[in-house]
1. Out of the residues in segment 363-373 that are in contact (Cβ under 8 Å) with a residue 12 or more places away in the chain and surrounded by fewer than 18 Cβ atoms within 10 Å (Cβ to Cβ), which is farthest from Glu423 (Cα to Cα)?
2. Taking the stated definitions as given, is Trp79 at pLDDT below 70, assigned by TED's automatic domain parsing to the domain that holds Arg163 and either more than 30 Å from Lys157 (Cβ to Cβ) or touching an Asp or Glu at 6+ places or on another chain (Cβ under 7 Å) (or both)?
3. Does segment 379-406 hold any residues that are in contact with a strand residue (DSSP E or B) (Cβ under 6 Å, 6 or more places away or on another chain) and closer than 20 Å to Gly441 by Cα, and which are they?
4. Of (1) part of a loop (DSSP other than H, G, I, E, B); (2) over 23 Å from Ala357 (Cα atoms); (3) free of Cβ contacts under 8 Å to residues at least 40 places away in the same chain, His388 satisfies all except one. Which?
5. Going by the structure shown, is Gln303 assigned to a helix (DSSP H, G or I) and either closer than 30 Å to Val469 by Cα or touching a residue at least 40 places away in the same chain (Cβ under 8 Å) (or both)?
6. Could you list all residues from segment 164-223 that are at pLDDT 85 or above, hydrophobic (A, V, I, L, M, F, W, C) and within 29 Å of the chain's Cα centre (by Cα)?
7. Identify, from the list Gly416, Gly478, the residue that is assigned to a loop (DSSP other than H, G, I, E, B), more than 26 Å from Asp368 (Cβ to Cβ) and not basic (Lys, Arg).
Amino acid sequence: MNIYTRKQRWKFFLLLGAVLIVIASLWYTNILVKKIADDEKKKVRLWAEAIQRKASLVKYTNELFHKIEAEERQKISLWAEANRQLGRDLSDYTFVLEVIKNNLTIPVIIMNNKGVVMLSKNIDTAYAGNKEYLIRQVDTMKSQHDPIEIEILPGKKNYLYYRDSRLFTELKTVFDGLIRSFISEVAVNSASVPVIYTDSTRINVLEFGNMDTLKMKDSLFVQKSIGEFAIENSPIEVDLGDGQKNYIFYKESFLLTQLRYYPYFQFGIIGIFLLISYLLFSTARKAEQDQVWLGMAKETAHQLGTPLSSIIAWLEYLKMKGVDEQMLAEARQDVKRLETITERFSKIGSLPVLDKADIMDVLNKSIDYMRTRTSTSVNFSVISQHSHPISVKLNIPLFEWVIENLCRNSVDAMDGTGSISVEVSDQLQFVYIDVTDTGKGINRSKYRTIFQPGFTTKQRGWGLGLSLVKRIIENYHGGKIFVKHSEIGKGTTIRIVLNK
């Protein structure tokens, strides 16, 4: 198992572990959030039920209040009738007097048609003889109830003015307080529920709570909110007993909404943090690897340079000693090759200089070198779709290294028998170089991974050749390299894209 495969396997297990941790955390967090959310929903449900019960109580109280009001009206009518009967010839006035006597709560004033106060009852005793006070009381009574006519004699009428009894007034004050308390409980609720209280038209807002005051001044926002609330929860119908129904629209509290989305938001933030951390760590690690790579390349070039100079001197010495020239020529060729390798490592360890060069000349030279270093069972060819020279900015020693690496990998993939073709296409901005072999082919899943450091299919391979190729093309030449096409058992085409 090569280092790249082990690395990928470790990444897979780490990713799987992270996914399991996230799933377990989400599952447990959702359980906790669900419990809290259920409590919140229970509060909202209890609040809604309490509002409905209180609305029923308010309705009952209102009906009771109207009954008391009707009874007071009936009492005063009976009292007026009793006063009428006093002016008539009755055999027994006991019942009439009893009725008049039993009015102990309703303030009444009787005036004649000339506006003179004839009688007052249940008026503050301190002002009972004050005519101006009585006149003001009559005006107050007129604003509450219409007077009752009492015909004493034909053509002679008195007028009975009355107002609500103190008990009824106090009950009315209590009832008004109950209504205000009900509306306040609707708007300012312990469940923190956004609520809108409207009249029967469902348009006019009577009260609202836990809503943005400024936004509630916008009628469009109000109608939109009412529609959304009605979709989420059926409005609570409030019948206060006055013949009209009001409605309470509400939705779940903001806290409940936050709790529902909190786990996803939390893990989203954690995920972004981990992603940024990973990217920063990867960038820092890559920078360190680059420094190590450059340092090793420079050191390799330096270590090769010292014995190489000595070998060149020894070749000159052997030439002076009359050693066979053919042997010296072969030795010089190998030395030249070592010089090329040293130059490549030297340029890898520093920023290479790109010069304009004819790509066909460079390719032909590289392929010619590979022909002399491989079996005659491998057929090489260089094809150009154009007859004119194709100039590209290149670092020739490094680019030759790329072609040699690709050809060696192709020869290994063909087991030493087959054909390798290099086809060049000149486009407007780019030059495409397709290196095609008739080897074993590459699985589609490995198209990207073959360029990763440590990936190899050879038993004793280091997995550095194609990684070095990718580095030279993309980092030093600003181009691209990728697997254009591959078919198992038929061969592979690798494309190099260079800027002109």
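1. Among residues in segment 363-373 that are in contact (Cβ under 8 Å) with a residue 12 or more places away in the chain and surrounded by fewer than 18 Cβ atoms within 10 Å (Cβ to Cβ), the one farthest from Glu423 (Cα to Cα) is Tyr369.
2. Numbers: at pLDDT below 70: yes; assigned by TED's automatic domain parsing to the domain that holds Arg163: yes; either more than 30 Å from Lys157 (Cβ to Cβ) or touching an Asp or Glu at 6+ places or on another chain (Cβ under 7 Å) (or both): no.
No.
3. Scanning segment 379-406 gives Asn379, Phe380, Ser381, Leu406.
4. So the condition that His388 fails would be (2).
5. Working: assigned to a helix (DSSP H, G or I): yes; either closer than 30 Å to Val469 by Cα or touching a residue at least 40 places away in the same chain (Cβ under 8 Å) (or both): yes.
Taking the combined requirement at face value, the residue satisfies it.
6. Ile196, Leu214, Met216, Leu220, Phe221, Val222 - these are the residues of segment 164-223 that are at pLDDT 85 or above, hydrophobic (A, V, I, L, M, F, W, C) and within 29 Å of the chain's Cα centre (by Cα).
7. Sole residue among the options that is assigned to a loop (DSSP other than H, G, I, E, B), more than 26 Å from Asp368 (Cβ to Cβ) and not basic (Lys, Arg): Gly478.
The values are calculated or read from the model by the stated rules, or taken from the named source; none is laboratory data. Nothing here was measured: the structure is a model prediction, and the numbers come from that model. Note: ideal-geometry Cβ built from the backbone for every residue, glycine included; neighbour counts use all protein chains shown.
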